[in-house]
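Beneath this line is the structure, given in structure tokens, with notes to follow.
The values are calculated or read from the model by the stated rules, or taken from the named source; none is laboratory data. Worth saying up front: this structure is predicted, and the values here are computed from it rather than measured. Cβ coordinates were reconstructed from backbone atoms using ideal geometry, including for glycine residues, and neighbour counts include every protein chain displayed. For accessibility, only protein heavy atoms count, side chains too; no ligands or nucleic acids. Shrake-Rupley method; radii C 1.70, N 1.55, O 1.52, S 1.80 Å.
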Amino acid sequence: MNILGISCFYHDSAAALLKDGVIVAAGQEERFSRKRHDSDFPARAVKYVLREAGLKPEDLDAVGFYDKPLLKFERMLSTYVATFPRSFNSFRKAMPVWVKEKLWVPSIIRRELRPYKGPIFFAEHHMSHAASAFLVSPYEESAILTVDGVGEWCTASSAVGRGSDVTLLKEVRFPHSLGLLYSAFTYYLGFKVNSAEYKVMGLAPYGKPVHFDRIMKEMVHLKPDGSFKLDMSYFSYDYGLRMTNGKFDQFFGGPPRKPETWMAEREFDIAASVQKVCEEVVLTMARHIHRETGLPNLSMAGGVALNCVANGRVIRETPFKNLFVQPAAGDAGGAVGVAHWLYNTIDKQPRGKAWTNAYLGPAFSDEEIGQYLAEAGARFEKLDDGELTRRTARAIADGNVIGWFQGRMEFGPRALGARSILADPRDPRMRDTLNMKIKFREGFRPFAPSVLEDRAAEWFDIECDSPYMLLVAQVREGKRTIPSVTHVDNSARLQTVRRADSPLYYDLISEFDKLTGVPLVINTSFNVRGEPIVCTPHDAYLCFMRTNMDHLVLGHYFLAKPDQPPLREDVDWRKLYELD
Amino acid sequence: MLTVLLALVPARLEAWFNRLPLHNRILLGVALTVFVVELILRTWARGTVAYKRWTAFFQAIGAVWTAVILSVVYFVSVGLVSLFQRLFGHDRLDRRLDDGKPTAWHAHEPSPLGERQGARHQF
């Protein structure tokens with residue numbers, strides 16, 4: 001049975017193909033279109049997943065869409081009515097898009113998938129999230145927590161998964177939304193909404209949560225069972241084109257920070273405060289769900305589940321014994337969720353093997369890479385596995401920055417060793433070098449380590465795996481010799497690497513360990529600021545040539561920057577990508 | 001037969017056109033002219049500056065009309081429903097903070113059509 005899952009029209013559109021109960025391919029449209037957070041119908045991603053599965057549209061048995069458009073439309077109309085006349089501008093902007101596109105999802109799917117004539121199904125947004133977390137998790141039975149901005153009406157839900165079934169129990173409804181609260185602060189701090197929330201999380205450790213008590217007293221009314229209401233007089237996201245209003249400005253004593261301007265203690269403290277609020281709400285919800293279900297396992301999804309600091313506290317401070325967070329926990333993962341929900345829950349089919357990695361994107365053979373490099377006029381050496389990992393590890397240990405492109409691309413927002421930039425975590429200057437000369441991004445942004453799974457507990461205060469870089473742990477006191485991946489609060493957002501999932505990457509880190517005694521490397525996404533993570537050898541070569549990276553490893557090809565001919569471009573690439 | 005039809009249709013059309021009031025004849029004439037010019041430009045001048053300006057002009061007219069229609073819809077229908085809801089103290093967004101309820105969780109409401117049948121619909 002072949003099921004295509006689709007999520008689109010808001011942000012991070014994606015497609016996933018489930019073949020006989022197993023996701024064989026999944027991809028975000030942005031990687032193919034090269035437009036960050038692309039929300040258009042994922043035509044290129046659909047083309048890729050079908051090609052990967054060896055199928056044509058007419059071979060599909062069902063297509064699933066990740067939410068219920070008419071319920072969402074009803075929520076929007078209800079909001080316009082409730083906030084009349086302040087909602088006029090929002091109404092005027094949103095309605096043409098709805099009338100032209102969002103109300104015609106089945107027609108658009110049929111047009112894009114011609115000549116597909118089979119059924120189209122629709123799952124509730126948070127059902128897609130819940131299914132995307134539980135049905136690929138290793139648990140037979142699990143409590144499920146989904147938290148995001150908003151779906152139809154639901155902004156957070158508790159659910160239970162048993163076998164192939166997922167049952168939604170309770171929900172918090174719009175406009176009371178933890179995701180939108182976090183986005184409101186993201187906006188106020190001068191970052192891009194639905195894009196740069198992770199920057200607020202990265203900024204938080206620089207500050208003190210001095211506003212926490214005031215926010216919890218006046219803005220967020222948290223109940224003992226983890227449910228909450230927001231005082232909407234501080235926000236304008238329900239009726240306007242901005243997230244916050246004048247009352248919010250007064251609360252923090254000034255207008256929102258202008259993007260790209262200087263940040264100081266005030267901004268750090270606000271970020272620290274909202275981060276603490278987020279953690280407090282998620283922890284209270286998780287404890288309540290544990291009390292209600294009594295289950296030892298928790299599966300999480302939704303955009304807020306990408307907040308790895310909160311996730312780390314959930315596993316440390318709640319009674320849950322195990323935690324699984326979907327690697328594509330945001331809306332892109334909804335494509336996986338709806339496909340699994342149709343197959344497992346609706347069709348009552350048994351679940352397949354649990355996910356152990358997120359390598360669901362396209363791969364390129366050495367032959368394809370070699371052909372591309374020859375056409376590009378690049379100079380390279382082709383090495384075998386052993387020589388490749390040794391040379392690369394030596395280059396990292398010598399202080400070089402490496403573009404690392406191997407195997408199938410990751411699904412989800414994190415680079416996990418397939419499309420990564422790697423560097424030496426011991427060098428205290430490496431963070432600034434990477435931020436300023438390679439990624440061209442804000443100096444405060446921390447970097448994350450990829451650590452050998454069997455050595456993780458030796459270096460970090462962590463007792464479980466973190467294969468998707470979605471947990472934060474403290475660097476152990478005796479091991480604080482890795483300044484470039486240690487944040488100001490001595491924490492690190494780590495990825496544990498298993499040899500079974502990525503053998504070459506594991507061997508590379510092992511070689512680095514042999515040279516340095518440090519079983520981890522800096523791993524950051526292979527892109528520059530505002531650019532989607534690279535997908536093809538062409539994207540990777542361009543990114544390598546445009547930045548100050550020293551080496552590029554594409555499959556078994558090893559390239560050194562000084563050997564390369566100058567890149568011939570007729571565009572200013574810095575203007576290609578909108579800053580996030 | 002075809003010859004007779006070809007002869008009859010323009011004659012009938014002309015008679016119908018002449019019976020129309022003057023303002024309708026003018027409007028129809030303008031619409032026909034726009035249609036014919038669009039066809040000509042689209043066929044022979046696509047991508048030219050003239051075609052881009054022609055398209056931009058009508059897009060601007062479209063934007064103005066969209067704004068006018070949406071304003072009418074908003075202030076008449078949305079406004080009226082909003083007025084009634086406020087009269088009866090109904091708030092679909094449940095924004096009151098002092099509602100005395102111990103929880104803000106709502107029970108999830110499954111589709112009344114059942115899970116499988118409900119999945120067929122966008123609501």
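For this structure, a couple of remarks:
- 15 Å beta-carbon shell around A:ASP38, net charge (K/R +1, D/E -1): -4
- In the frame of its principal axes, region A:15-102 has Cα extents of 52, 28, 19 Å, reported largest first.
- Nearest-ten-degree value, helix B:2-19 long axis tilted from longest Cα axis of chain B: 70 degrees
- B:HIS121 - accessible surface, heavy atoms, 1.4 Å probe, Å² rounded to 10: 60 Å²
- Seen through its C-alpha gyration tensor, with square-root eigenvalues sorted a ≥ b ≥ c, chain A comes out rounded because a/c lies under 1.5.
- Accessible area buried between chains B and A, both sides summed, probe 1.4 Å, in Å² to nearest 100: 4100 Å²
- Across the accessible surface of the protein assembly as shown, with the other protein chains kept in place and a 1.4 Å probe, carbon and sulfur atoms take up 58 percent.
- Each residue, B:TRP16 and A:GLU317, gets one label point 7 Å from its Cα in the Cβ direction; the gap between the two is 7.6 nm.
- Estimated FRET transfer efficiency when R0 is 30 angstrom, pair A:GLU140-A:TRP104 (beta carbons, to 0.05): 0.15
- A straight line joining the Cα centroids of region A:116-131 and region B:53-123 runs 22 Å.
- Three-way shape call for region B:1-50 based on the alpha-carbon gyration tensor, with the a/c threshold at 1.5: oblate
- Residues along region B:57-103 losing 40 Å² or more of accessible surface when the other protein chains are present rather than the chain by itself (probe 1.4 Å): B:LEU70, B:TYR74, B:PHE75, B:VAL78, B:ARG86, B:ARG92, B:LEU93, B:ARG95, B:LEU97
- Once the Cβ-Cβ distance of A:HIS538 and B:LEU32 is raised to the sixth power relative to R0 = 56 Å, the FRET efficiency obtained is 0.65.
- Remark: the protein assembly as shown carries a charge dipole of roughly 2060 debye about the Cα centre, counting +1 on each Lys and Arg Cβ and -1 on each Asp and Glu Cβ.
- Extension gain for A:VAL210-A:ARG529 works out to 111.8 nm (0.36 nm per residue, less the C-alpha to C-alpha distance).
- Assigned charges on the beta-carbon of Lys, Arg, Asp, Glu; region A:92-178 dipole about Cα centre (debye): 680 debye
- Considering chain B, its Cα convex hull presents a mean projected area of 18.8 nm².
- Site pair B:ALA45 and A:GLU74 shows an inter-label distance of 5.0 nm when each label is modelled 7 Å from Cα along Cα→Cβ.
- FRET efficiency estimate (nearest 0.05) - Cβ-Cβ, B:SER77 to A:GLN371, R0 41 angstrom: 0.10
- Look at where the Cα atoms of region A:132-149 and of region A:283-333 average out, and the two centres are 8 Å apart.
- 20 Å Cα-Cα threshold exceeded, pairs from A:LYS437/A:LYS561; A:LYS439/A:LYS514; A:LYS117/A:LYS348: A:LYS439/A:LYS514; A:LYS117/A:LYS348
- Length-normalised contact order for region A:69-171 - Cα pairs under 8 Å, 6+ apart - percent: 22 percent
- Choice from B:ARG95, B:ARG42, B:ARG25 showing the highest fluctuation, given a GNM over chain B with Cα pairs closer than 10 Å: B:ARG95
- When only alpha carbons are used to place a centre, region A:1-57 and region A:88-104 end up 25 Å from one another.
- Residue-normalised convex hull volume from the C-alpha trace of region A:202-253: 120 Å³ per residue.
- Farthest towards the positive end of the charge dipole of the protein assembly as shown, among the residues A:ALA26, A:LEU520, A:ALA500, is the Cα of A:ALA26, using unit charges on the Cβ of Lys, Arg, Asp and Glu.
- Only the Cβ atoms of Lys and Arg (+1) and of Asp and Glu (-1) were treated as charged; on that basis the dipole of chain B about its Cα centre amounts to roughly 460 debye.
- Projected-area mean, region A:115-234, by convex hull of Cα positions, square nanometres: 10.8 nm²
- Shielded by partner chains, region A:215-251 residues - at least 50 Å² of accessible area, 1.4 Å probe, vs chain alone: A:LYS223, A:LYS229
- When the helices of the protein assembly as shown are scored as -39500 (n - 2.57) per DSSP H run of n ≥ 4 and the total is divided over every residue, the value at 222 nm lands at -11500 deg cm²/dmol.
- Taking all protein chains into account, the per residue accessible area for the protein assembly as shown stands at 43 Å² (1.4 Å probe).
- Positive-pole candidate from A:GLY412, A:LEU323, A:VAL97, dipole of the protein assembly as shown, charges at beta carbon: A:VAL97
- Computed from the alpha carbon atoms alone, the convex hull of region A:216-356 holds 174 Å³ per residue.
- The distance between label points at A:ASP454 and A:ASP20 comes to 3.3 nm (points 7 Å beyond Cα on the Cα→Cβ vector).
- Considering only A:VAL314, A:HIS211, A:GLY302, the residue lying farthest towards the positive end of the dipole of region A:202-321 is A:VAL314, judged by Cα position with unit charges set on Cβ.
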